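The values are calculated or read from the model by the stated rules, or taken from the named source; none is laboratory data. All figures in this text were calculated on a predicted structure; none of them were measured in a lab. All Cβ positions, glycine included, derive from the backbone under ideal geometry; neighbour counts span all protein chains shown.
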Amino acid sequence: MEFKLNKSELTRLKQEEKMYTQFLPVLKLKQEQLQIEKIRIKKKYVFCKKELDSILNQVEPNLSILTDINNSYNIKTLVSPQNINIVMKSIAGVKVPYLNSITFKTFFIHHFDAPWWINFVIRNIKSLIKRNIELQVIDKQYLLISKELKKATQKVNLFEKLLIPETRNAIKKINIVLGDEQVAAVGRAKTAKKKTVGASSMGEY
């Protein structure tokens, strides 16, 4: 860190130190909020993944029936999402996606012609699709929050370990130099005064 050894530089550095110390708590608060949010998102991801695995275990036994060429219903058509609504929300100043809603195409099944399990399977597959989409959105949230947390942590470290200590050290050095200069100036003034008084006394004779 380069700095000049004068009063104007001292004033500038003191202003910078004040700005750093005022801004650091704001950065730390953001860092803390992002850390909390990252933990929350991770827990939510684990929860949704368990639910997805549970639903998948229920659906898997019927997959062979659903893909049977004799199956009169096109399951893929019945469970295709019609609209996926994702909204952006701000978390600690970071815009992250949230799954607002998922709607599926409406359909009608003649229960007399359909197997008894068809509605149950379709409902489970829809839940499976919802959870899968939700996990993708949560994964995106995690990546965005993690990226911003990394930036916030770097800034906190920059302020705490570099900018503030270096600025305070520079202020200390300038104060020492200015103090030495002031002592020297006082000493010179006293010497000059003694010489002046001495000259005046000699002039009286």
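Applying a threshold of 6 Å to beta carbon distances and a minimum spacing of six or more residues, or different chains, the list of pairs starting in the range 125-145 at a residue that is without any contact (Cβ under 8 Å) to a residue 40 or more places away in the chain and ending at one that is of a type outside the set (Asp, Glu) reads 130/102.
Checking each residue in the range 140-150 for being loosely packed, with under 13 Cβ neighbours inside 10 Å and not aliphatic (A, V, I, L, M) picks out 147, 150.
For the range 132-157, the set of residues classified as hydroxyl-bearing (Ser, Thr, Tyr) and under 30 Å from residue 21 (Cβ atoms) consists of 146, 153, listed by residue number.
Filtering 87, 121, 137, 94 for residues that are closer than 25 Å to residue 50 by Cα, of a type in the set (Val, Ile, Thr) and modelled with pLDDT under 95 leaves a single hit, 121. Given the options 132, 157, 124, name the one that is of a type in the set (S, T, N, Q), in a helix (DSSP H, G or I) and out of contact with any helix residue (DSSP H, G or I) (no Cβ under 8 Å at 6 or more places or on another chain). Result of the check over 132, 157, 124: 157.
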